[in-house]
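Beneath this line is the structure, given in structure tokens, with notes to follow.
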Amino acid sequence: MSVTHRAQVTNARTWTTPTAAPVERQAARAETIEQSHQRCAALGLTRIERPDFEPMMRSDLSVARERNLRLSTHAAPVMEMLFEQIVNTESMIVLADAQGTILHSVGDDRFLERAGKVALAPGVNWAEHSKGTNAIGTALFEEAPTVVHGGEHFIHANSFLTCSAAPIFDPRGNMLGVLDVTGDQRSYHQHTMGLVRMSARMIENQWLSDDFGNRLRLHFHSRVEFIGTLLEGIIVVGADGKILGANRSALDQLDMSHAALRMHSLTSLFGTTASAMLDHFRAPLPAPACLCLSNGRQFHVSARFNAAARSMMSGLGANEPAWQAEPAVQAAPAAPGDANRPPQAPAAVPQGALSGLHYLKTGDPQIEATVQKVLRVLNRDIPLLILGETGTGKELLARAVHQDSNRAKQAFVAVNCASIPESLIEAELFGYEDGAFTGARRKGASGRIVQANGGTLFLDEIGDMPLALQARLLRVLQERCVTPLGSQKSIAVDIAVIGATHRNLREMIDAGSFREDLYYRLNGLVVRLPALRERCDLAVVARRILVAECPQGTPEISPPVMALFNSYAWPGNIRQLANVLRTAAVMAAGEPRITEQHLSDDFLEDVQRAGSSMPAAARGTASLAVGPRRGDPAPMVSEKSAEPVISVPPPVEASQDASARTLGEAEIDMIRSVLAAADGNISVASKRLGISRNTIYRKLRWGKN
């Protein structure tokens, strides 16, 4: 921890310690304590509860610490520095996770021993439902800094304590945990709360810098001398000028919530743009800029970013929040605490890489509604079940959820329950020990569930999982531990589970082929992805696929081909569209447009079959277009595609005057006869005629012979 940071926290005493708290603040605190006591009574707790001396198992504590490793990493130096401020004061510092479980503690040895008598130790849960009114649990519930002093604790055994706790939030407003200073109630000091709040803000600022190291960050305050201190506000700006995140000081100064601030852009908030900010701070030693809110309030602003300005502002649209990281460039002095941090190379972001749920927004209202539902439960430990036809993008949605979650830095493990043989799926999921079965590899295998520990397990086609295996999966989801085949030891796991299926699970439950208890375990939130034919964003989806396939020189889709796409039912959905476009892009290499001649024969055959199965009036562009003979009536024109669409005329009768027919017309008549005998199957006709399918298309399509 830097000397500057130590000085700032020490000075927090002067910044935050009033000689006497205002009457209104005391009244509000008394009301908070009273409401907490009422909640505890409603939970069935009594004030003479005995301390619970049964912390979680060592393995469970290890899992909790591993899950919160990033929080612990940021908090450790801050806790060490804070301990220097309170050493020899009969106190301790506690870090708890978002569920109230104590992860780490540090303090005076004698007081740690006293605290242990009331189970104030790592592995013990101090949420209100477990320990009644206390600073950790009540701060979690109120989502605000909280002091609980002496007899204000609901359980009498804890009344010798005085506790000051502040929640820790990430830049998007999600709670990460709680930092707490607890001491003997006789050593209560008002300034302790100020120290805790400032320490929590240090952790939050470091988290923000770590999350958005390659984004433009604006550091601001109404007084220029406070820029670079813990009192400065920090907002993170996207390439399109939208606000992506902020620290709590920014929220306090702007008097906004996280949600309200993220509705703004730099233009709506300060009347400027990201480009203008970058231009201002491109100078070697730029002076702070002055920006004003719409109400006239003025702020002094400095900027920092760890990626080159060119990469920030190029190549990405408004809905593409990820910027490609390049060698670090500092536009202003580093924030306090950054000086002693080792320089980290920014993570490379592949050009055109997907960037979470925002990437899925393509203008279709059904997809928009689905994304909004998912965003509401993100990081809430609620299982997600995705329904939809094969190829609708269920795995793409699952990966986007993982990418936007707190688990993004851990593994995303996808298991297709339909593609693994039934005899192997148990070993594939749960792992196995050496020699567990014939053919098992030496030293065994960990299994997909263990591989997903700390991250996300995606169970695709969960409806195809064998019934006997469903019971084992349910047990894993309930107990959060896995026992590999051939082993007697259980392995604790922390996973987020996303299921997906194209089947009707309720019908399977009625038929006895899917467990009802597993169904209700998986369907915390159920979303249904629409089929491609039900969406209105086909052109946008097709364009994005082409951009991914051909980032350099992306071809356009010609209007006739787009009309053909719009008329087709796409039974394979987005997966089929991607395959069609991938082939077409290769065939059209070097050409500016994809035309019908670039489409594969198989796809055109599918279009023909689909068109022939439709009522004549509804066939439109879905009918296979084949060329007329000389003297045939002019072809009909579809209003949608502006291309001729005609049915295949019957071959010329043998009694017709042969002298009136050319050799080419006779050839076409033969092709038509064979094609009719093959029920329109181009592949069968080509084999019977001994010519390629392309030759048949060429001779029959649009009258070109």
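The values are calculated or read from the model by the stated rules, or taken from the named source; none is laboratory data. On a predicted model such as this, the values are computed, not experimentally measured, just so you know. Here the Cβ is made from the backbone with ideal geometry for all residues, glycine too, and neighbour counts use every protein chain on show.
Some observations on this one:
- Residue within the range 291-304 that is of a type in the set (Val, Ile, Thr), at pLDDT 85 or above and within 19 Å of Val224 (Cα to Cα) present: yes
- Filtering Arg407, Arg380 for residues that are assigned to a loop (DSSP other than H, G, I, E, B) and in contact (Cβ under 8 Å) with a residue 60 or more places away in the chain leaves a single hit, Arg407.
- Among the residues making up the range 259-277, a single one is touching a strand residue (DSSP E or B) at 6+ places or on another chain (Cβ under 7 Å), in contact (Cβ under 8 Å) with a residue 60 or more places away in the chain and surrounded by fewer than 21 Cβ atoms within 10 Å (Cβ to Cβ): Arg262.
- Remark: pairs (first residue in the range 445-473, free of Cβ contacts under 8 Å to residues at least 40 places away in the same chain; second residue crowded, with 19+ Cβ neighbours inside 10 Å and β-branched (Val, Ile, Thr); Cβ separation under 6 Å; 6+ apart in sequence or on different chains) = Arg448/Val413; Arg448/Val415.
- Residues being out of contact with any strand residue (DSSP E or B) (no Cβ under 7 Å at 6 or more places or on another chain), of a type in the set (S, T, N, Q) and in contact (Cβ under 8 Å) with a residue 40 or more places away in the chain - total across the range 55-95: 2
- Restricting attention to the range 154-190, the residues that are within 12 Å of Leu82 (Cβ to Cβ) and either free of Cβ contacts under 8 Å to residues at least 40 places away in the same chain or surrounded by fewer than 24 Cβ atoms within 10 Å (Cβ to Cβ) (or both) total 2.
Here is a yes/no grid of residues against (1) within 23 Å of Met198 (Cα to Cα); (2) under 34 Å from the mean Cα position of the chain (by Cα):
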{"residue": "Glu90", "(1), (2)": "yes, no"}
{"residue": "Ala96", "(1), (2)": "yes, yes"}
{"residue": "Gln99", "(1), (2)": "yes, yes"}
{"residue": "Phe111", "(1), (2)": "no, no"}
{"residue": "Gly116", "(1), (2)": "no, no"}
{"residue": "His129", "(1), (2)": "no, yes"}
{"residue": "Glu143", "(1), (2)": "yes, yes"}
{"residue": "Gly151", "(1), (2)": "no, no"}
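- Within the range 471-510, if we keep just the residues that are among the hydroxyl-bearing types (Ser, Thr, Tyr) and surrounded by 16 or more Cβ atoms within 10 Å (Cβ to Cβ), the residue that is modelled with the lowest pLDDT turns out to be Ser487.
- Residue list for the range 277-293, restricted to those being out of contact with any helix residue (DSSP H, G or I) (no Cβ under 8 Å at 6 or more places or on another chain) and in a loop (DSSP other than H, G, I, E, B): Phe281, Ala283, Pro284, Leu285, Ala287
- Residue in the range 250-276 that is modelled with the lowest pLDDT, counting only those that are part of a helix (DSSP H, G or I) and touching a helix residue (DSSP H, G or I) at 6+ places or on another chain (Cβ under 7 Å): Ser275
- Complete set of residues in the range 473-512 that are part of a helix (DSSP H, G or I) and within 26 Å of the chain's Cα centre (by Cα): Leu473, Leu474, Val476, Leu477, Gln478, Glu479, Leu505
- Screening the candidates Val547, Val586 for the property of being β-branched (Val, Ile, Thr) and either over 27 Å from the mean Cα position of the chain (by Cα) or under 28 Å from Arg376 (Cα atoms) (or both) yields one hit, Val586.
- Which numbered condition Gly233 misses (of (1) under 29 Å from the mean Cα position of the chain (by Cα); (2) modelled with pLDDT of 90 or more; (3) surrounded by fewer than 23 Cβ atoms within 10 Å (Cβ to Cβ); (4) assigned by TED's automatic domain parsing to the domain that holds His104): (4)
Quick grid of which residues meet (1) surrounded by fewer than 19 Cβ atoms within 10 Å (Cβ to Cβ); (2) touching a helix residue (DSSP H, G or I) at 6+ places or on another chain (Cβ under 9 Å); (3) of a type in the set (Gly, Ala, Ser); (4) modelled with pLDDT under 80:
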| residue | (1), (2), (3), (4) |
| --- | --- |
| Leu396 | yes, yes, no, no |
| Val413 | no, yes, no, no |
| Cys417 | no, yes, no, no |
| Glu426 | no, yes, no, yes |
| Glu433 | yes, no, no, yes |
| Gly444 | yes, no, yes, yes |
| Gly447 | no, yes, yes, no |
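Listed here are the residues, each with its yes/no results for (1) of a type in the set (A, V, I, L, M); (2) assigned to a loop (DSSP other than H, G, I, E, B).
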residue	(1), (2)
Phe141	no, no
Ala144	yes, yes
Arg172	no, yes
His189	no, yes
Met193	yes, no
Trp207	no, no
Gly213	no, yes
Asp240	no, yes
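- Here Tyr520 fulfils each of the conditions (1) crowded, with 18+ Cβ neighbours inside 10 Å; (2) without any contact (Cβ under 8 Å) to a residue 12 or more places away in the chain; (3) among the aromatic types (Phe, Trp, Tyr) apart from (1).
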